[in-house]
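Taking it in order: structure first as structure tokens, then the write-up.
The values are calculated or read from the model by the stated rules, or taken from the named source; none is laboratory data. Since we're looking at a predicted model, the values are computed, not measured. Heads up, the Cβs are rebuilt from the backbone with ideal geometry, glycines too, and the neighbour counts pull from every protein chain shown.
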Amino acid sequence: MTPNPRQALLLDEVRARGSVSVEALAERLAVTLQTVRRDVKLMSDAGLLARFHGGVRVPSSTVENIEYLQRQLLNESAKQRIARQVAAQVPAGCSLIINIGTTTEAIARELLRHKGLRVITNNLNVAAILSHNPDCEVIVAGGIVRPRDRGIVGEVTIDFIQQFKVDIALIGISGIEADGTLRDYDYREVKVARAIIGHAREVWLAADQSKFNRPAMVEVARFDQIDMLFTDEPPPEPFPKLLADAGVNCVTCTEAP
């Protein structure tokens, strides 16, 4: 199909945010819910959008992530709000593991003024950012460097991570499915993420609203393995009940702290 001007604006809004509720689209475009639902159905039938309960997202593969430079720009302001809230709750003088992802890189930038941190990471971008903090000791995991995003993966990485027990693991994720599973694309990255989760006293997940109802192939963890979730908007159904049942403290980062 060839979208009309209103549908083109709707499509641009979804692409800019990754996913968005029908109500938010109606408000943004100043049209009725019925109009949005009709447009969404037409564009999803044409393969331009993918629907989920209460909202719509960009179509995505379950086997391959969005290109890294595109992920850096996607929901950039939301990631910055999340990063500020996470950093505000990280105490001075603690140990962290920070994994791969553009959201965790945003968190690293917000930690540049923290004192007495010891950070282990399998993300060369995080290591480069935090190397500018003279009061932060950065420990880089060994392993295979992925050229596309400078993430470090592999069995050597897992062995390295398993030597430690840190105060907090700060992790990102590619998708959160409606059954409460956290999922990603590269099974090698997932194996490292599982090791990170298993070697932290607390696990903090940072995920903007585009990650909800986004499919990916490999299961990383479930909500009951997470202590805190930082996101930019209230999670859509059915996630509030799943989070409550798992005892996850959900922090909605609508504004900077």
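Could you please find all residues in segment 118-140 being in contact with a helix residue (DSSP H, G or I) (Cβ under 8 Å, 6 or more places away or on another chain) and assigned to a strand (DSSP E or B)? Spell out the reasoning first.
From segment 118-140, those in contact with a helix residue (DSSP H, G or I) (Cβ under 8 Å, 6 or more places away or on another chain) are 119-123, 125-126, 129-130, 136, 138, 140; that's our starting set.
Matches in segment 118-140: VAL119, ILE120, THR121, ASN123, CYS136, VAL138, VAL140.
Could you please find all residues in segment 198-224 being in contact (Cβ under 8 Å) with a residue 60 or more places away in the chain and closer than 24 Å to THR157 by Cα? Give the steps one after another, and end with the answer.
Just the residues of segment 198-224 that are in contact (Cβ under 8 Å) with a residue 60 or more places away in the chain, to begin with: 199-200, 204, 206-217.
Scanning segment 198-224 gives HIS199, ALA200, TRP204, ALA206, ALA207, ALA216, MET217.
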One residue from ASP186, ASP149, ASP179 being among the acidic types (Asp, Glu), within 14 Å of VAL126 (Cβ to Cβ) and assigned by TED's automatic domain parsing to the domain that holds SER95: ASP149
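Let's see how each residue does on (1) crowded, with 21+ Cβ neighbours inside 10 Å; (2) assigned to a helix (DSSP H, G or I):
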{"residue": "ALA178", "(1), (2)": "no, no"}
{"residue": "GLU189", "(1), (2)": "yes, yes"}
{"residue": "ALA193", "(1), (2)": "yes, yes"}
{"residue": "ILE196", "(1), (2)": "yes, yes"}
{"residue": "PRO215", "(1), (2)": "no, no"}
{"residue": "ALA221", "(1), (2)": "yes, no"}
{"residue": "PRO234", "(1), (2)": "no, no"}
{"residue": "LYS241", "(1), (2)": "no, yes"}
Pick from segment 155-174, criterion buried (at least 20 other Cβ atoms within 10 Å of the Cβ) and either of a type in the set (Phe, Trp, Tyr) or in contact with a Phe, Trp or Tyr (Cβ under 8 Å, 6 or more places away or on another chain) (or both), ranking: farthest from LEU229 (Cα to Cα): PHE160
Strands (runs of 3 or more DSSP E) (entirely within segment 11-103) containing at least 3 residues that are under 18 Å from the mean Cα position of the chain (by Cα), modelled with pLDDT of 80 or more and among the polar types (S, T, N, Q): none
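Please state which one of ILE139, ILE144, ILE152, ILE120 is touching a Ser or Thr at 6+ places or on another chain (Cβ under 9 Å), over 29 Å from ARG17 (Cα atoms), crowded, with 16+ Cβ neighbours inside 10 Å and not basic (Lys, Arg). I'd like the intermediate steps shown before the answer.
Values: ILE139 fails: crowded, with 16+ Cβ neighbours inside 10 Å; ILE144 fails: crowded, with 16+ Cβ neighbours inside 10 Å; ILE152 fails: over 29 Å from ARG17 (Cα atoms).
Checking each option against the conditions leaves just ILE120.
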Selection count where residues are within 21 Å of GLY198 (Cα to Cα) and either free of Cβ contacts under 8 Å to residues at least 12 places away in the same chain or hydroxyl-bearing (Ser, Thr, Tyr) (or both), scope segment 92-107: 3
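Restricting the search to segment 192-238, which residues are among the charged types (D, E, K, R) and closer than 21 Å to SER95 by Cα?
Correct list: ARG194, ARG201, GLU202, ASP227.
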Single residue of ASP232, ASP167, ASP227, ASP245 found to be over 20 Å from VAL20 (Cβ atoms) and in contact (Cβ under 8 Å) with a residue 60 or more places away in the chain: ASP167
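Against the definition (free of Cβ contacts under 8 Å to residues at least 40 places away in the same chain and either under 20 Å from ALA206 (Cβ atoms) or not in a loop (DSSP other than H, G, I, E, B) (or both)), how does ILE158 come out, yes or no?
Details: free of Cβ contacts under 8 Å to residues at least 40 places away in the same chain: yes; either under 20 Å from ALA206 (Cβ atoms) or not in a loop (DSSP other than H, G, I, E, B) (or both): yes.
Yes.
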So GLN225, is it buried (at least 21 other Cβ atoms within 10 Å of the Cβ) and polar (S, T, N, Q): no
